[in-house]
Amino acid sequence: MYADNWFVLYINGKLVAVDPIDFLPHNVVSVDILPEYPMTIAVMAKDNADPATGLEYGDHIGDGGFILKFSDGTVTDARWRARAFFKGPLQRDTRHPKVLHEAIPANWFAVDFDDSTWPFAQEFDTRRVGPKEAFYTADFSGARFIWSADLDLDNTVIFRTRIDKPGWRARWNTRPDLDISGAPLR
């Protein structure tokens with residue numbers, strides 16, 4: 001996965017990965033997963049925007065972008081749902097910036113969350129997103145950079161998709177028999 005600038009990833013309602021670098025520099029994050037289908041993927045991605053102004057690096061309008069490719073063939077594309085929850089600066093006004101923050105649903109990552117009214121993600125060309133060097137060292141072939149409708153002004157975006165694999169049968173147990181309830185998370 002690669003995000004401009006940060007992301008958190010849930011699969012089937014379970015936290016799987018948090019971008020380990022706070023916004024800068026951009027980086028590629030690899031995770032190991034044992035997929036269980038159907039697989040509901042939920043991602044919150046954030047651009048490095050000031051919460052009060054929506055501006056980056058002082059007085060600039062930034063841009064976002066998120067791309068994902070799993071070894072099972074799952075990729076980001078326009079079939080994902082995408083909804084922005086933080087926008088700004090509204091009307092691209094950098095002199096008197098205003099922002100819009102919408103409440104993020106508490107269960108946005110849950111398998112049964114209803115995203116059916118959300119718009120589909122928009123695909124963006126790699127040149128438009130402008131990823132840094134780390135992006136080019138990974139194989140993202142077949143995947144597309146996605147974001148909500150406005151790559152520049154939408155600063156917090158949630159993506160969701162469901163991957164079905166008809167006829168798939170688990171060859172492993174992802175629910176351990178081992179009791180780890182008392183172990184620290186980190």
Problem set entry | Percent of Cα-Cα distances greater than 21 Å, calculated over segment 89-186 | 63
For this session: Heads up, I need the accessible area for R83: 1.4 angstrom probe, whole protein in place, Å², nearest 10.
Result: 70
Problem set entry | Radius of gyration and Dmax over the Cα atoms of segment 1-42, both given in Å | 11.1, 34
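At 1.4 Å probe size, put I158, I104 in order of accessible surface, largest to smallest. Mind showing how you got there, number by number?
Numbers: I158 0, I104 65 Å².
Reading off the accessible areas and sorting them downward yields I104, I158.
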Problem set entry | Theoretical ellipticity at 222 nm over the chain - DSSP helices of four or more residues, -39500 (n - 2.57) apiece, nearest 500 | -500 deg cm²/dmol
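Where in the chain lies the longest segment free of chymotrypsin sites (Phe, Trp or Tyr not before Pro) that are both loop residues by DSSP (not H, G, I, E, B) and have at most 11 other Cβ atoms within 10 Å?
For chymotrypsin sites (Phe, Trp or Tyr not before Pro) (loop position, at most 11 other Cβ atoms within 10 Å), the longest site-free span of the chain is 58-171.
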Exercise. Between A138, L100, G58, whose Cα lies farthest towards the positive end of the dipole of the chain when Lys and Arg beta carbons carry +1 and Asp and Glu beta carbons carry -1, centred on the Cα centre?
Worked result: A138
Problem set entry | Proximal charge balance of I21 [Cβ under 13 Å; K/R count +1, D/E count -1] | -1
Exercise. Across 10 Å bins from 0, what is the distribution of all Cα-Cα pair distances for segment 21-139, in whole percents?
Worked result: 10, 35, 39, 14, 2
For this session: Below 21 Å Cα-Cα, how many Lys pairs turn up in the chain? Only count pairs eight or more apart in sequence, or on different chains, if you could.
Result: 10
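The values are calculated or read from the model by the stated rules, or taken from the named source; none is laboratory data. None of the values given here were measured: they were computed from a predicted structure. Note: ideal-geometry Cβ built from the backbone for every residue, glycine included; neighbour counts use all protein chains shown. Ligands, DNA and RNA are stripped out before the accessible areas are found, and what is left, the full protein with its side chains, is counted by its heavy atoms. Shrake-Rupley method; radii C 1.70, N 1.55, O 1.52, S 1.80 Å.
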